[in-house]
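For reference, the structure is listed below as structure tokens.
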Amino acid sequence: MNEADAPTFAAATPFTSRRGDESPGGRAVSRRRLLRSAAGLAAFWGVVGAESARARATPPTDVSADVDPSSLLNKLVRRVTMGFTQAEQSLANSMGYQAYLEYHLNYTAIDDSALNAQLAALTTLTMTPSQLYLLTAGQVISELTEAVIRRGVFSNRQLFERVVEFWTDHFNIQITNEDDQYLKTVDDRDVVRANALGAFPALLSASAHSPAMLFYLNNNISVAGNPNENYARELMELHTLGVNGGYTQNDVHEVARCFTGWQYYLRGTGSLQGTFRFNAAQHDNASKVVLGNTIPANGGIQDGVTVLNILSNHPSTATFIATKLCRRFIGEDASAATISAVAATYTSTGGDIKAMLRTALQPNVLADATPRYKRPFHLFVSAMRALPTAITSVTALRTQLAGTGHQPYYWIAPDGYPDTLTYWSGLILPRWGFGASLLTNSSGTAGGISGLTVDVPGFLSGLTTAQQIVDRIDQAMFGGEMPASDKARIRTYLLPDPPSTIRQRDAIGLAIGSPGFQWY
């Protein structure tokens, strides 16, 4: 992020340092207060008000007709990954804009064997529902949560992981909800990850057949004569057309009738338990009318398939999906022209997700994209990606994520975790606290979050001055684009030369909590 792109913050409280005094009481803002309290960090960075943060989300200028893609490579890296790294920067520089984007879109060709070796110990990820049901729900949930964290930090298939996160929100399923404690693992593997960069109609169909979704939205109890409308309503409002997409309450009722009998084999029913079933005996076989389309009587399971086809090919679905995709990858203020272009790509390609991303991420569009505010999971993962981080356990990290309100798969409502500046901008203290906890604990040693270790000596090897250290932080975490004011404050904190080991760790923690690192 260039300094000019950084958000506007309130004026900072002046910070002074005393040479050679490491004691908490020997500094204008003590080290303990600085790293462990909102007041200390506010004094260091200046008050980060919600209104001043929101003010940065201004409409983009007209799309640039002539832009040098090579000038946008750091920005592209930030948009298509879960966090900037120097390795990704080097890859983008060597390939160029379009080739780097295509590299990430062609994700199956990217070697992820190192990550797969880490995931091998998480045996539940490949189990059938029958196998999962034999285990405790806690183990199944823990392993899926650990997998999403490790994938975010260590996967080489970064755009794929970002798109998986997008569809996980779009087709949200709360993981603590009874059978979904087990079935969400299968949904993640066979629905979201299997179709994340494929075609939207196939993804929609897979979700409609997903036992996890059928249970979550009560369709497993939807029968002829007593249709449950929960899935039908969310199918149109959240998955396809959007709330203003042109459907009526009667359409909700008719769609619910079409999906009667779409169920799954319940727990305790043998080897098929937890898998999809169509119960013809409980399906409403009378004729229906959906969005003006007559669905003849006696269609059986085809009634639901027909509805999915109608919705997939509806112009409101093209616009709704394009809008959400542009807001995630371009910004909440994505232009109407960009959204229309992506919607047109949806229509012309039959919902090809890769093609839509190509349209959304054209250089002239990205050039005018304003900075996006990192959600807590994104912030945490981006910090761990930029630093030499080792993970032996994610238990304590999950607690930290829960404290921010962004633990994966825990959102209760079917609309998925919000992706707006307004929602997340007020949760400042947990964001600040993560950087401090990651680098220090009460004794001042590395690895303040149990199970996570940052190799600070290796990261700063051979560096002996405040300037060298802050330059290293700038290059590794900001791609050389750290806002000058943030950089100056961290350099001041590191003085006098040579900075102590404690101050070196603190400086990295402060960089994670810095204003510039909150955005991408």
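Results, tabulated for the structure shown:
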quantity: Surface/4 of the Cα convex hull for segment 400-520, nm²; calculated: 8.5 nm²
quantity: Of all accessible heavy-atom area on the chain, the percent that carbon and sulfur account for (1.4 Å); calculated: 53 percent
quantity: Span from the segment 228-294 Cα centroid across to the segment 465-484 one, whole angstrom; calculated: 54 Å
quantity: Three-way shape call for segment 189-304 based on the alpha-carbon gyration tensor, with the a/c threshold at 1.5; calculated: oblate
quantity: Note, ³J(HN,Hα) from phi for segment 408-420, Karplus 6.51, -1.76, 1.60, rounded to Hz, x at Gly and Pro; calculated: x, 6, 9, 6, 7, 6, x, 7, x, 4, x, 10, 10
quantity: Fully extended contour minus Cα-Cα distance, from S393 to A87, at 0.36 nm per residue; calculated: 107.7 nm
quantity: Residues in segment 358-391 that a label on T349 would reach, taking backbone N under 19 Å of a point 7 Å out along Cα→Cβ; calculated: 358-367
quantity: Shape category assigned to segment 171-243 from the gyration tensor of Cα positions, a/c cut at 1.5; calculated: oblate
quantity: In the chain, lysine pairs closer than 24 Å at Cα, eight or more apart or cross-chain; calculated: 9
quantity: Listed residues T464, T420, T392 arranged by accessible area, highest first, probe 1.4 Å; calculated: T392, T464, T420
quantity: Interchain or long-range residues, amide H under 5 Å from W519's placed H; calculated: K374
quantity: For segment 218-234, 3J(HN,Hα) per residue [Karplus equation, 6.51 cos²θ - 1.76 cosθ + 1.60, θ = phi - 60°, Hz, x = Gly/Pro]; calculated: 6, 6, 5, 10, 8, 10, 4, x, 8, x, 8, 8, 4, 5, 4, 5, 6
quantity: Heavy-atom SASA rank of S312, S485, S393 (probe 1.4 Å, accessible area, largest first); calculated: S485, S393, S312
quantity: Paramagnetic reach from T420 in segment 335-351 [backbone N under 20 Å; point 7 Å along Cα→Cβ]; calculated: 335-336, 339
quantity: Accessible surface, per residue, of the chain when the full set of protein chains is kept, probe 1.4 Å, Å²; calculated: 37 Å²
quantity: Prolate/oblate/rounded label for segment 306-353 (Cα gyration tensor, a/c 1.5); calculated: prolate
quantity: Ordering of 504-510, 220-226, 205-211 by burial proxy (mean other Cβ atoms within 10 Å per residue, highest first); calculated: 504-510, 205-211, 220-226
quantity: Relative counts (whole %) of C-alpha pair distances in the chain, using bins that are 20 Å wide; calculated: 22, 51, 24, 4, 0
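The values are calculated or read from the model by the stated rules, or taken from the named source; none is laboratory data. On a predicted model such as this, the values are computed, not experimentally measured, just so you know. Please note: Cβ atoms are built from the backbone with ideal geometry, for glycine as well, and neighbour counts cover all protein chains shown. For the accessible areas, the whole protein counts, side chains as well, though only heavy atoms, and no ligand, DNA or RNA atoms are used. Shrake-Rupley method; radii C 1.70, N 1.55, O 1.52, S 1.80 Å.
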